[in-house]
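The values are calculated or read from the model by the stated rules, or taken from the named source; none is laboratory data. All values reported here derive from a predicted model rather than from experimental measurement. Positions of Cβ are backbone-derived with ideal geometry, glycine not excepted, and every protein chain shown enters the neighbour counts. For accessibility, only protein heavy atoms count, side chains too; no ligands or nucleic acids. Shrake-Rupley method; radii C 1.70, N 1.55, O 1.52, S 1.80 Å.
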Amino acid sequence: MLLSLLCACQIAASSPPLLVRVGDKVHSVPVVAHPEGGAALRGDQLADALGGKLVDAGRGRWRFELGEAGVTLMLLAPFAVSGEDPLPMSAAPFRSGGRLFVPYTLVSDVLPRAFGGLMFDAERVELRRFAPIVRRPIAPRVIADAAARTETAATQSASAPSAAAPSAVLPPMITPSARAPARRRTVVVDAGHGGRDPGTTASTGASRIPEKTIALAVALKLRDALQERGVTVVMTRTRDTLIALHDRGPIANRAKGDLFISVHVNAANPGWKNPGATRGFETYFLAEAKTEDEARVASMENEAIKFETEQETSRNDPLGFILRDMAQNEHLRESLMLATLTQDHLKQVHPGPSRGVKQAPFSVLVRSFMPSILVEVGFGSNAAEARWMTSAAGQKQLADAMADAAVAYLAQYERKVGVGEP
């Protein structure tokens, strides 16, 4: 998969078109630039070339169907769903001119994995359909059904590689209350920064408040909201103290946590045009950053390491790295789905736009061996958003939304594996 991801990312918009071979017929599908970098193709053209179809399933979902099999695609979600298994892609689908465009990784990695009878030839830049399409059996994974409330996106120009990522335009939706898990679960809540590490600064116009203070206030309200929903909560910190980044994951592991949620406040890149106007919320899971901004946010949050006096002796141990990597890969898809649910619930209460589910190498997530996410609850560099995040009402809305997402994920997990059922 890594090789195909690299191949996809290296293909530029000026590259030759993708060749799709079905029997003796060869079709050509143009390659365009993806707004997040790399390449993309028009979904309906790709489906037609393969003898399939792209079906708009509504609410930001599409079915890419070949014969009787198919995968589900969702706007702003960097994965496709085959059966109950999410298959990661290098970027999310996006819309432009009323058309759905899909990342090149759908061709190079997802479709050949999801269906028998397809093969991608990287050397010839060719996708071949050489047998009747059947769905490949994929090891079952526990995922949440986030498709019902997936985000839709604003129209963008496919010819503009520098276009910003799509922004959500779906109106708020009223959803049923999350069903409580069948057995008591444990969620580890992590308030970012603390002690001599203040994090970024939120400026309300009348005052300046450090990120560590906002993160702790929201985290404590999240604790209360989860406990009200019947969930056991373990906090990495409950006061203004510094907890080393590499200690937070092990705290969660020792507590045998089912989920790990780290709360943070974002800050705009000073180099952006009008950075003070940037608003919104985004949820991260642990993976290599796909964009410059994802890498910037991870670097900003990882700076907490400079406040730590002790160094982790096993950090550079090759065996330790391999074991951590194996443990994290086990929970990658679950983390992605928890992030999707969290983003989905937050958009129902947050005054700013949804900036989507993202991925980046956050140090705080590396050693938590369970589904783990980092939530940037808003931009402290935006005065209006800072005022909302520092208000008791805003913090409670954030906490309730994240708690509902966590409980919904846990309940769906149990329905998948039959926990608590006769």
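Some points to look at:
- For region 206-274 versus region 357-416, the spacing of their alpha-carbon centroids is 9 Å.
- Annotation: peptides 254-260, 272-278, 118-124, ranked by per-residue average of other Cβ atoms within 10 Å with the highest first, follow the order 254-260, 118-124, 272-278.
- Local electrostatic count at L127 - Lys and Arg +1, Asp and Glu -1, tallied over other residues with Cβ under 15 Å: +2
- Accessible area of region 190-249 belonging to carbon and sulfur atoms, whole % at 1.4 Å probe: 47
- Under the Karplus curve 6.51 cos²θ - 1.76 cosθ + 1.60, θ = phi - 60°, whole-Hz ³J(HN,Hα) for region 46-56, x wherever Gly or Pro sits: 5, 5, 4, 4, 8, x, x, 8, 10, 10, 6
- By the equivalent-ellipsoid construction on the alpha carbon gyration tensor, region 44-115 comes out with semi-axes of 16, 14, 12 Å, ordered largest to smallest.
- Nonlocal amide H pairs with G192, under 5 Å, H built at 1.01 Å: V263
- Hz values of 3J(HN,Hα) by residue in region 364-376 - Karplus curve (6.51, -1.76, 1.60), Gly and Pro given as x: 5, 8, 5, 10, 9, 8, 6, x, 9, 9, 10, 10, 8
- Taking amide H positions as modeled 1.01 Å from N, with prolines and chain starts lacking one, the residues under 5 Å from V234 and 5 or more places away or on another chain are V187, V188, V189.
- Close amide H partners of A80, meaning residues 5 or more places away or on another chain with modelled amide H under 5 Å apart, are L87, M89.
- Each Cα pair under 8 Å and six or more residues apart adds its separation to the average, and for region 217-302 the resulting relative contact order is 19 percent.
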